[in-house]
Amino acid sequence: MNILVTGGAGYVGSAAARWLIASGHRVTVLDDLSLGHRAALPSDGVLHVGRIDDRQAVLRALEAGACETVLHFAASSCVGESVQQPRRYWSNNVAGSLALLETLIDAGVEQLVFSSTCAIYGEASDAPLTESTPAAPGSPYAFTKYAIERMIADLSHAHGLRYALLRYFNAAGASPDGAHGEDHDPETHLIPIVLQTLLGRRDRLTLFGEDYPTPDGTCVRDYVHVDDLARAHELALDWTAARREPGGEVFNLGTGRGHSVREVIRAAESVTGRRVPCEVGARRAGDSARLVAQARRARDVLGWSVEYADLERTVATAWAWHEAHPDGYASPV
Ligand code: UDP
């Protein structure tokens with residue numbers, strides 16, 4: 001397939017782009033490099049630097065790659081930041097996606113896979129979250145992703161789009177070959193912060209709240225390996241391409257296992273044999289107590305399965321990458 005990947009220099013986007021290139025697909029990346037990294041991609045040749053709301057940039061990238069299908073990752077994606085800067089999220093995510101969809105529809109693109117999030121479920125029950133668990137977004141970030149899901153569904157019927165909406169749980173880990181890993185600036189995600197603390201690059205980890213209604217009082221998340229997510233995108237592209245009718249489906253992508261912040265710390269300590277200095281701080285605005293997937297639909301409909309079911313294995317891949325790249329992609333090779 002010839003695939004345009006928006007936000008393809010970001011963490012999950014570049015994992016998907018690499019995976020698809022390795023599987024023999026023709027990939028064109030559109031990324032404004034505001035958050036992503038050129039070095040996250042296997043070669044410069046695939047990258048077009050530009051924004052999703054720049055119609056000419058999108059058209060040039062589509063044409064350069066003769067793209068018939070699109071993976072849409074480009075977004076601002078930090079829960080805490082979205083509470084502080086909601087305008088940025090509504091502008092980049094919602095207005096940006098609307099502009100992108102208009103360009104794609106005008107260009108005759110009929111297939112789309114959208115990178116969505118489990119944050120849409122907000123404060124749900126203790127049971128694993130299915131795609132029919134009611135949405136209850138708890139932050140501007142989650143609301144913007146939910147709004148885009150709705151936008152895609154609405155436009156699909158009017159414009160013949162076939163789509164898959166992939167609700168990721170917590171993307172984690174690095175590729176086992178050491179070529180791809182997690183590098184955000186600023187870093188806000190738990191596993192890289194824990195590992196940076198273990199590398200001595202931070203004094204301590206601040207644990208955001210210990211008074212949640214969970215077994216040890218810290219938030220529970222479902223950490224899914226980024227290569228498992230990457231593979232799901234290839235399956236979703238195949239599924240979307242095979243659909244006869246306009247419309248699409250939502251798919252949860254998670255392991256089905258929840259781990260608390262304290263369990264993540266223990267996993268990192270076990271992988272590295274070092275102790276994580278840590279202090280307990282206040283809750284972070286927008287955080288949900290527990291987000292754990294039930295991903296049966298992805299298994300049954302897409303044929304997806306999780307290769308990295310064990311948290312320590314996922315953390316070990318991340319540790320290998322962080323040790324080799326203490327400054328992320330800017331580290332000397
Ligand atoms: N977390 C934490 N300290 C940090 C970063 C994150 O305690 O320095 C917690 C955060 O409150 C959440 C969990 O770790 O409960 C996962 O956060 P992350 O930002 O990695 O992912 P999110 O679930 O927000 O997408």
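The values are calculated or read from the model by the stated rules, or taken from the named source; none is laboratory data. Predicted model only: the values in this text are computed from it and were never measured. Quick reminder, even Gly has a Cβ in these numbers, built from the backbone with ideal geometry, and neighbours come from all protein chains shown. Calculation scope for accessible area: heavy atoms of the full protein, side chains included, ligands and nucleic acids excluded. Shrake-Rupley method; radii C 1.70, N 1.55, O 1.52, S 1.80 Å.
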Two-decimal Rg/Rh across the chain, once Rg and the Kirkwood Rh are taken from alpha-carbon atoms: 0.95
Amide H contacts under 5 Å for residue 116, placed H, 5+ residues apart: 166, 167, 168
Probe 1.4 Å, protein heavy atoms only - accessible area per residue of the chain in square angstrom: 42
Phi-based couplings in Hz for region 315-321 (Karplus 6.51, -1.76, 1.60; Gly and Pro marked x): 5, 5, 5, 5, 4, 4, 5
Part-to-part distance (alpha-carbon centres) for region 42-104 and region 269-288, which is given in Å: 32
In degrees, nearest ten, helix 96-106 long axis to first principal axis of the chain (Cα): 30
In degrees, nearest ten, helix 226-242 long axis to first principal axis of the chain (Cα): 20
Cα gyration tensor of region 121-257 - equivalent ellipsoid semi-axes, whole Å, descending: 31, 20, 14
Table column - 3J(HN,Hα) (Hz), region 71-88, Karplus curve with 6.51, -1.76, 1.60, x for Gly and Pro: 9, 10, 9, 4, 5, 7, 9, 10, 4, x, 4, 5, 6, 6, 10, x, 4, 4
With Cα atoms, 0 to 90° folded angle of helix 11-22 axis to the chain main axis: 60
Cβ charges +1 (Lys, Arg) and -1 (Asp, Glu), total dipole of region 1-136, debye: 340
Protein accessible area in the chain, 1.4 Å probe - carbon and sulfur %: 48
Estimated Rh, region 10-75: Kirkwood, alpha-carbon pairs, angstrom: 11.9
Table column - 3J(HN,Hα) (Hz), region 164-175, Karplus curve with 6.51, -1.76, 1.60, x for Gly and Pro: 10, 10, 9, 8, 6, 8, 8, 5, 8, x, 9, 6
Local electrostatic count at residue 50 - Lys and Arg +1, Asp and Glu -1, tallied over other residues with Cβ under 12 Å: -1
Dipole magnitude of the chain, debye to nearest 20 (Cβ charges: Lys/Arg +1, Asp/Glu -1, about Cα centre): 200
Student exercise, region 179-333 dipole from Lys, Arg, Asp, Glu Cβ charges, in Debye to nearest 20: 320
